[in-house]
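Quick notes on the structure that follows.
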Amino acid sequence: MAIDVERNDGAAVVTVNRPEAMNALDVEHAEALRDRLAELAQDADARVVVLTGAGEKAFIAGADIKYMQSLGVLEARRWGELGHACGELLETMPKPTIAAINGFALGGGCELALACDLRLASANARLGQPEINLGILPGWGGSLRLARTTTLGFAKELVLTGRQVDAAEALDRGLVNAVCEPGDLRERTLELCRALTAKSPLALAYAKEAVNLSLQGEHGANLAAEARLFAMLFASEDQQEGMAAFAEKRQPEFRGR
Ligand code: HXC
């Protein structure tokens, strides 16, 4: 299958499986990725969603350049929107999303990693927005999300020069959250999944929604939204359980209610 979904306890690991093309996304793979992400967004058994690439060389080496070569203006617009749909699902689905960056994350690949909540990279990863070398720009959200995740100055440097960075520099710049040896990436990712699935899924969903507001809209309205999200959690059993467990000096057992 083009896009594999593997379950590991409460985590769903989504793998772009096209290693012969460095996991570059053509229409078939991009549509399948969007559809799998849409299913997982609704699936209560998937408490955390991981995006990764098949093989040891690439996470996703971008949108398929050979496919894009002959696109007209309207087709290019639809292609941009298809990538945006994938990014928006990763960014807004009510559960944490993690990019496990196991190699090249270039162009659209880096952009989809940026749409995830957390990014773990193997030491051999390389990230960048080389679109400028093709006479185009990052059209899957990268021109905005790279600056939001790092700094405006760094984003402009990568987008305007097309320079790629290694994992160490990506970590230094806040482009990824952590770096590990390539052989450890899967276990480190699953470890993070286990840490997240031990939390209240309700609190995770609302916390993600609140943090997503931080760089958009009007500050006062966002604070009001945060107050509403905070208050709503006090209707949950998980809030009762979390605070009772603290008082009773034990680990909480959250049930997502
Ligand atoms: C199509 C790709 C591809 C891509 C790799 N391949 N990246 N095909 N689109 N983005 C294919 C190669 O053509 C080749 O196929 C095979 O994968 C192996 O790649 P090699 O180049 O032989 O491997 P290597 O020398 O190790 O170099 C790896 C690489 C390089 C550094 C990742 O392939 C590369 O620079 N790829 C392009 C990266 C890029 O520019 N991405 C941004 C795309 S634009 P064959 O059949 O020849 O063996 C984009 C826009 C998003 O993403 C927004 C759209 C709206």
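Yes or no: R257 at pLDDT below 95 and open to solvent by 90 Å² or more (accessible area, probe 1.4 Å)? Taking the combined requirement at face value, the residue satisfies it.
Taken over region 117-135, residues that are open to solvent by 10 Å² or more (accessible area, probe 1.4 Å) and in contact (Cβ under 8 Å) with a residue 12 or more places away in the chain amount to 12.
The set of residues from region 25-60 being open to solvent by 10 Å² or more (accessible area, probe 1.4 Å) and in contact (Cβ under 8 Å) with a residue 60 or more places away in the chain comprises A44, R47, T52, E56. Of the residues making up region 110-143, those that are within 12 Å of the ligand (Cβ to nearest atom), over 20 Å from L90 (Cα atoms) and not polar (S, T, N, Q) are A125, R126, P130, E131, I132, L134, G135, I136, L137.
Tallying residues that are under 21 Å from G162 (Cβ atoms) and in a strand (DSSP E or B) within region 101-135 yields 9. For L74, are the conditions met, namely being out of contact with any Pro (no Cβ under 6 Å at 6 or more places or on another chain), among the hydrophobic types (A, V, I, L, M, F, W, C) and touching a residue at least 12 places away in the same chain (Cβ under 8 Å)? For L74, the condition - out of contact with any Pro (no Cβ under 6 Å at 6 or more places or on another chain), among the hydrophobic types (A, V, I, L, M, F, W, C) and touching a residue at least 12 places away in the same chain (Cβ under 8 Å) - is not met. Tallying residues that are touching a Lys or Arg at 6+ places or on another chain (Cβ under 9 Å) and either open to solvent by less than 40 Å² (accessible area, probe 1.4 Å) or in a loop (DSSP other than H, G, I, E, B) (or both) within region 217-240 yields 2.
Scanning region 72-84 for residues that are of a type outside the set (A, V, I, L, M), closer than 22 Å to K208 by Cβ, within 8 Å of the ligand (Cβ to nearest atom) and open to solvent by less than 40 Å² (accessible area, probe 1.4 Å) turns up at least one hit. Please determine whether any residue of region 164-184 is within 30 Å of A227 (Cβ to Cβ) and either open to solvent by 20 Å² or more (accessible area, probe 1.4 Å) or not β-branched (V, I, T) (or both). Checking region 164-184: at least one residue is within 30 Å of A227 (Cβ to Cβ) and either open to solvent by 20 Å² or more (accessible area, probe 1.4 Å) or not β-branched (V, I, T) (or both). Would you tally the residues in region 174-221 being β-branched (V, I, T), touching a residue at least 60 places away in the same chain (Cβ under 8 Å) and farther than 28 Å from D238 by Cβ? Going through region 174-221 one residue at a time, the tally reaches 1.
The values are calculated or read from the model by the stated rules, or taken from the named source; none is laboratory data. Given the structure is predicted, the values throughout are model-derived calculations rather than measurements. Every residue, glycine as well, gets a Cβ built from its backbone with ideal geometry; the counts of neighbours run over all protein chains shown. Heads up: the accessible areas ignore ligands, DNA and RNA and are worked out on the full protein's heavy atoms, side chains in. Shrake-Rupley method; radii C 1.70, N 1.55, O 1.52, S 1.80 Å.
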